[in-house]
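Comments concern the structure below.
The values are calculated or read from the model by the stated rules, or taken from the named source; none is laboratory data. In this text the structure is predicted, and so the values were computed from the model without any measurement. In this analysis, Cβ positions are derived from the backbone assuming ideal geometry, glycine residues included, and neighbour counts consider all displayed protein chains.
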Amino acid sequence: MLKNTRIPIWVNIVQVLLTLIMLMQVYWNYIDHELLAAQGITIAGTPDLNMIYTLGGRTMTMAAAAIFVLITQNPSQFLVVLFMNIVREGQEMFIDPLFPLANATAAPTADFVAHIVIVTIEILAFIAVFRITRREKTQAL
């Protein structure tokens, strides 16, 4: 399937890794509440569970869209998913260091730098796919 794609393999690899991270977050939100509690997230009742399951549902929606574009390899659809990734990670770039989890694996500064690297890679992937879509539209004319 991937050998006939117009999407560069490195963009597919980035998207697969991002999808795996989202699926891991979905697992935590839907199933592993003990891990959330260990990270300092309070689960004191129905309102907290509502927020946790809502976040899980929204993350699952993004993961499903990511899986869809990985299967279809449609550059225009890839752009939408990459844009969503950039916006999500761009926000986390500030949220995670400002409000670190109790057992965060990295210091806030290291977390910020890691997110800068991730967002930069996502922007480069977006640009690469955007160029493909522009080239295809130009060739179609």
- Condition test on N50, is it in contact (Cβ under 8 Å) with a residue 12 or more places away in the chain and over 23 Å from W10 (Cα atoms)? no
- When F99 is run through (1) more than 18 Å from V14 (Cα to Cα); (2) surrounded by 13 or more Cβ atoms within 10 Å (Cβ to Cβ); (3) of a type in the set (F, W, Y), the failure sits at (2)
- Looking at V113, V119, V80, V69, which is the one that is touching an Asp or Glu at 6+ places or on another chain (Cβ under 6 Å) and not polar (S, T, N, Q)? V119
- Message: Going by what's in this entry, would T5 be described as out of contact with any Phe, Trp or Tyr (no Cβ under 7 Å at 6 or more places or on another chain), surrounded by 15 or more Cβ atoms within 10 Å (Cβ to Cβ), modelled with pLDDT under 95 and closer than 30 Å to E136 by Cβ?
- Response: yes
